[in-house]
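**Student:** Dumping the structure here so I can ask a few things about it.
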Amino acid sequence: MEWQTVAAALFPLGHNITEQAALLRGSAQLEAGTIEVIGTCEHTAIGVEIALAQAQAVLATLRDYPQRPILLLVDTQGQRLRHRDEMLGINSYMAHLGKCIEYARQCGHPVLALVYDQALSGGFITSGMMADACYALPEATIRVMGLPAMARITKVPQARLTELAVDNPVFAPGPQNYQRMGAIAQIWQGDLSQALGAALAAVDTQDHRITSGATRGGRKMAQTVVDAVLSETIDWHGD
């Protein structure tokens, strides 16, 4: 979906979001006040330049608009796979972006993310997954890796992975499966402006993804493993 269509549905009261080199930036009006919008479009790959530009936009919001809500619009094919980016340390740039978003949260900025088109791998982890809560549109594509690529890497036949994807959301792409795992708080349908307003009103700075994933049947063992690690005790069952 085009970001202009999404923005029009999210912000019927108006916005001044602009696109420059696949970077989205601007502010928008909601009934509750002004929200800052930062994001990407055109399935862009996150290289060092756009990672740094997003981080700069987040820090500028902290400086100019203390505690103003931030909405991250996510559309990315993941990190850019180029030798130049690897040599420049793309992992550090992406980590910097994630730290800036976390710093915004710590400074009192409610941060929400909306996957409106595509979200893959590191480009999603250091943006949408760093928000207080991440949402998605029904037609969004979310995955760590496509099943054909996963089959090549793991040497597991694609047919077997397809079978596993039926009952195990870890192997299956799509917002519904990521909602089962707790990564997506809710899939927005209908009035997007109303959904955004409700999400802002319900912002919780605590991370409920593990418990949500357990409740929804997508991550049944995550909390058990966390508790075992924290207590330095592993309860082995069987051999």
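Every read-out reported here was derived from the displayed coordinates using simple, explicitly stated rules and does not represent laboratory data. Note that this is a predicted model, so its numbers are computed, not measured. Every residue, glycine among them, receives a Cβ derived from its backbone with ideal geometry; neighbour counts consider all protein chains shown.
**Student:** Of LYS220, LYS99, LYS155, how do they rank once you tally other Cβ atoms within 10 Å and put the fewest first? Can you show the working numbers first?
**Tutor:** Values: LYS220 11, LYS99 14, LYS155 6.
With the sparsest Cβ surroundings first, the list reads LYS155, LYS220, LYS99.
**Student:** Efficiency by 1/(1 + (r/R0)^6): what FRET value for ALA8 and GLU232, r their Cβ-Cβ distance, R0 = 41 Å, to the nearest 0.05? Don't jump to the answer; show the numbers that get you there.
**Tutor:** Numbers: r = 52 Å, r/R0 = 1.28.
Computed FRET efficiency for ALA8 and GLU232 comes out at 0.20.
**Student:** Place a point 7 Å from the Cα of ASN91 along the Cα-to-Cβ direction; which residues of region 105-135 have their backbone N under 18 Å from it?
**Tutor:** 121-127
**Student:** Then there is this: Which order do ILE50, ILE70 fall in if you start with the one that has the fewest other Cβ atoms within 10 Å? Display every interim value, and only then the final one.
**Tutor:** Numbers: ILE50 20, ILE70 23.
If I rank by nearby Cβ atoms, fewest first, I get ILE50, ILE70.
**Student:** Next up: Rounded, prolate or oblate: which fits region 1-150 when a ≥ b ≥ c are the square roots of the eigenvalues of the alpha-carbon gyration tensor, with rounded for a/c under 1.5 and prolate only if a/b beats b/c? Write out the running numbers ahead of the final one.
**Tutor:** Values: a/c = 1.78, a/b = 1.29, b/c = 1.38.
Cα axes put region 1-150 in the oblate bin.
**Student:** Now for a separate question. DSSP H helices in the chain with Cα extent of 18 Å or more along the helix axis and mean Kyte-Doolittle hydropathy at least -1.0? It would help to have the intermediate numbers written out before the result.
**Tutor:** Working: long enough: 48-64 (24 Å, 0.83); 90-106 (24 Å, -0.30).
Within the chain the helices that satisfy the rule are 48-64, 90-106.
**Student:** With an 8 Å Cα cut-off and a minimum separation of 6 or more residues, compute the relative contact order for the chain in percent.
**Tutor:** Details: 439 pairs, mean separation 35.9, N = 239.
Contact order relative to length: 15 percent.
**Student:** What are the ³J(HN,Hα) values, in whole Hz, obtained from phi via the Karplus relation 6.51 cos²θ - 1.76 cosθ + 1.60 with θ = phi - 60°, for each residue of region 114-129 in sequence order, with x given for Gly and Pro?
**Tutor:** 10, 7, 9, 9, 10, 9, 10, 6, x, x, 8, 4, 8, 10, x, 6
**Student:** Counting only GluC sites (Glu not before Pro) that sit in a DSSP loop (anything but H, G, I, E, B) with at most 14 other Cβ atoms within 10 Å, what is the longest stretch of the chain containing none of them?
**Tutor:** Numbers: sites that count: GLU2, GLU31, GLU139, GLU232.
Between exposed loop sites, the widest span is 32-138.
**Student:** Right, something else. Give me a comma-separated list of calculated 3J(HN,Hα) values for region 205-221, in order, Karplus coefficients 6.51, -1.76, 1.60 applied at θ = phi - 60°, integers in Hz, x for any Gly or Pro.
**Tutor:** 6, 7, 8, 9, 5, 5, 5, 5, x, 5, 4, 8, x, x, 9, 7, 10
**Student:** Pull out the extension gain between THR18 and MET145, defined as 0.36 nm times the separation in residues minus the alpha carbon to alpha carbon distance; nm, one decimal. Can you show the working numbers first?
**Tutor:** Details: separation 127, 0.36 × 127 = 45.72 nm, distance 2.99 nm.
Between THR18 and MET145, full extension yields 42.7 nm more.
**Student:** Using 7 Å Cα-to-Cβ label points, what is the TYR65/ALA202 separation (nm, one decimal)?
**Tutor:** Roughly 2.4 nm, to one decimal.
**Student:** Each residue of region 16-22 in order: what ³J(HN,Hα) in whole Hz does its phi give by Karplus 6.51 cos²θ - 1.76 cosθ + 1.60, θ = phi - 60°, with x for Gly and Pro?
**Tutor:** 10, 5, 10, 10, 9, 6, 6
**Student:** If you don't mind, there's one more thing I want to ask. Using 7 Å Cα-to-Cβ label points, what is the GLN56/GLN29 separation (nm, one decimal)?
**Tutor:** Using points 7 Å along Cα→Cβ, the separation is 2.9 nm.
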